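Single-structure report; data block below.
The values are calculated or read from the model by the stated rules, or taken from the named source; none is laboratory data. Being a predicted model, the structure only gives us computed values, none of them experimental. No Cβ is skipped: glycine too gets one built from the backbone with ideal geometry, and neighbour counts run over all protein chains shown.
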């Protein structure tokens with residue numbers, strides 16, 4: 001006969017407080033998205049106000065005969081053009097008129113989208129098998145829109161993995177830059193961007209997941225009716241959707257420059273400054289504070305006001321902590337990469353997220369959130385922060401060698417190969433004799449990146 005027993009056990013578990021979760025979400029936002037997040041918070045929280053005239057100019061009618069950009073009519077938004085041109089179209093038609101300084105994104109050699117994704121996957125803590133799966137997934141990412149066009153089942157079969165393993169690696173790739181890459185359709189793409197922004201609104205979620213066709217058709221009255229929401233709130237969510245990018249790979253599939261608001265500014269002397277010039281000055285509503293002293297308000301009403309006031313304070317603290325955390329992390333990064341200003345890419349040394357994590361005593365995931373989608377303006381141009389993380393292999397003495405140094409060695413070996421061209425396997429062996437262990441496929445990848453053909457094509461006639 002089976003007996004039931006009740007046994008008490010004590011176990012320790014760690015849970016993030018709502019404030020810490022909010023702080024981590026804000027930490028990972030780049031400047032453009034942070035500005036959107038602040039605007040959303042200002043719209044949703046009456047206890048938070050903006051000092052200055054930016055918000056007033058945004059909501060103003062612009063004088064007699066003017067028009068509020070946030071109250072456009074249904075037939076004004078051409079969603080067909082939005083899906084064709086994305087943010088560029090939204091910015092052109094619905095700009096708030098803010099004077100924000102944008103910087104062209106420059107790199108010594110702009111990588112293709114697949115190469116940019118492959119570089120990022122090297123920074124993740126993945127097994128060799130998972131990296132192999134990731135490389136296969138990236139090969140199925142469309143270079144025009146950034147969507148994953150492959151089959152999970154097919155990749156699982158080819159790589160001798162389970163569909164769960166492939167799904168897991170795909171979810172990792174979906175955290176890469178540009179935000180939304182690796183999505184399987186526009187709905188998933190927008191949801192990834194919404195999650196990245198830390199926006200938690202049930203109405204927005206319903207609009208994207210259930211009423212997207214109605215959005216395409218500008219049928220906002222029907223959406224408001226179905227969701228039992230005010231049309232004003234629905235329009236605010238539509239306003240937010242316009243700021244998302246339906247085709248994340250667009251910036252890699254065209255020749256025009258990409259412009260960003262740099263998160264960090266580095267002077268010629270190497271001084272690091274967090275760029276807060278675009279962030280509006282926020283304050284707690286004095287009116288909401290006065291309302292708490294009103295004895296005519298019910299307990300529930302006072303509770304609501306206190307909740308909003310606390311949330312406003314926490315939001316302002318999270319913004320402040322974002323700046324100080326970025327400052328510490330970036331200062332540490334450039335202490336390692338101090339040769340960059342003098343030598344450019346050649347001055348970059350191997351550096352990992354783990355290295356910075358140990359030095360600043362923050363979890364590696366926090367470092368990853370901090371540098372993701374962030375840009376630094378330097379005297380040599382504006383670069384993604386992840387550009388300064390360089391994967392490397394260890395030589396026999398335990399010193400890490402950067403890919404650039406390995407490419408230089410491969411270039412020199414081929415230059416001196418004589419009449420019989422070296423194949424990738426022979427180059428691998430020569431590197432190993434020099435104390436550098438790299439896989440043959442890595443040799444082939446670096447050789448191709450150098451623009452050097454294979455041994456068979458280098459044979460002299």
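Kindly establish whether residue 168 is outside any helix (DSSP H, G or I), assigned by TED's automatic domain parsing to the domain that holds residue 149 and either closer than 21 Å to residue 114 by Cβ or in contact (Cβ under 8 Å) with a residue 40 or more places away in the chain (or both). Against the criterion (outside any helix (DSSP H, G or I), assigned by TED's automatic domain parsing to the domain that holds residue 149 and either closer than 21 Å to residue 114 by Cβ or in contact (Cβ under 8 Å) with a residue 40 or more places away in the chain (or both)), residue 168 does not qualify.
The set of residues from the range 215-232 being buried (at least 16 other Cβ atoms within 10 Å of the Cβ) and part of a helix (DSSP H, G or I) comprises 215, 220, 223, 224, 227.
Residue-level check: of (1) in contact with a strand residue (DSSP E or B) (Cβ under 6 Å, 6 or more places away or on another chain); (2) loosely packed, with under 13 Cβ neighbours inside 10 Å, residue 209 misses just (1).
Taking the residues in the range 302-320 that are in contact with a strand residue (DSSP E or B) (Cβ under 9 Å, 6 or more places away or on another chain) and under 22 Å from residue 371 (Cα atoms) as candidates, determine which candidate is surrounded by the most Cβ atoms within 10 Å (Cβ to Cβ). If we take residues in the range 302-320 being in contact with a strand residue (DSSP E or B) (Cβ under 9 Å, 6 or more places away or on another chain) and under 22 Å from residue 371 (Cα atoms), then 315 is surrounded by the most Cβ atoms within 10 Å (Cβ to Cβ).
The residues listed here are 299, 283; of these, the one that is in contact with a strand residue (DSSP E or B) (Cβ under 6 Å, 6 or more places away or on another chain), modelled with pLDDT under 90 and more than 30 Å from residue 337 (Cβ to Cβ) is 283.
The set of residues from the range 321-337 being more than 14 Å from residue 385 (Cα to Cα) and either surrounded by fewer than 12 Cβ atoms within 10 Å (Cβ to Cβ) or touching a strand residue (DSSP E or B) at 6+ places or on another chain (Cβ under 8 Å) (or both) comprises 323, 324. Among the conditions (1) in contact with a helix residue (DSSP H, G or I) (Cβ under 8 Å, 6 or more places away or on another chain); (2) free of Cβ contacts under 8 Å to residues at least 60 places away in the same chain; (3) over 19 Å from residue 50 (Cβ atoms), residue 276 misses just one, which is (3).
Does residue 414 count as touching a helix residue (DSSP H, G or I) at 6+ places or on another chain (Cβ under 9 Å) and farther than 26 Å from residue 131 by Cα? Against the criterion (touching a helix residue (DSSP H, G or I) at 6+ places or on another chain (Cβ under 9 Å) and farther than 26 Å from residue 131 by Cα), residue 414 qualifies.
Which of the residues that make up the range 356-367 are at pLDDT 85 or above and closer than 17 Å to residue 121 by Cα? Selection gives 367 alone.
Among the residues of the range 404-421, write down those that are surrounded by 15 or more Cβ atoms within 10 Å (Cβ to Cβ) and over 37 Å from the mean Cα position of the chain (by Cα). Selection gives 413, 414, 417, 421. Taken together, the residues in the range 184-199 that are within 15 Å of the chain's Cα centre (by Cα) and surrounded by fewer than 17 Cβ atoms within 10 Å (Cβ to Cβ) amount to 1. Inspect the range 242-260 for any residue being touching a strand residue (DSSP E or B) at 6+ places or on another chain (Cβ under 7 Å) and either buried (at least 19 other Cβ atoms within 10 Å of the Cβ) or part of a helix (DSSP H, G or I) (or both) and give the result as yes or no. Within the range 242-260, one or more residues are touching a strand residue (DSSP E or B) at 6+ places or on another chain (Cβ under 7 Å) and either buried (at least 19 other Cβ atoms within 10 Å of the Cβ) or part of a helix (DSSP H, G or I) (or both).
Per the conditions (1) surrounded by fewer than 17 Cβ atoms within 10 Å (Cβ to Cβ); (2) at pLDDT 80 or above; (3) more than 18 Å from residue 333 (Cβ to Cβ), the sole criterion not satisfied by residue 381 is (3).
Within the range 127-161, the set of residues being modelled with pLDDT of 85 or more and in a loop (DSSP other than H, G, I, E, B) comprises 127, 140, 142, 145, 146, 147, 149, 150, 151, 160, 161. Of everything listed in (1) assigned to a loop (DSSP other than H, G, I, E, B); (2) modelled with pLDDT of 80 or more; (3) more than 24 Å from residue 118 (Cα to Cα), the single unmet condition for residue 460 is (2). When the criteria are applied in full, residue 202 fails the requirement of being out of contact with any helix residue (DSSP H, G or I) (no Cβ under 6 Å at 6 or more places or on another chain), crowded, with 17+ Cβ neighbours inside 10 Å, more than 21 Å from residue 31 (Cα to Cα) and modelled with pLDDT under 90.
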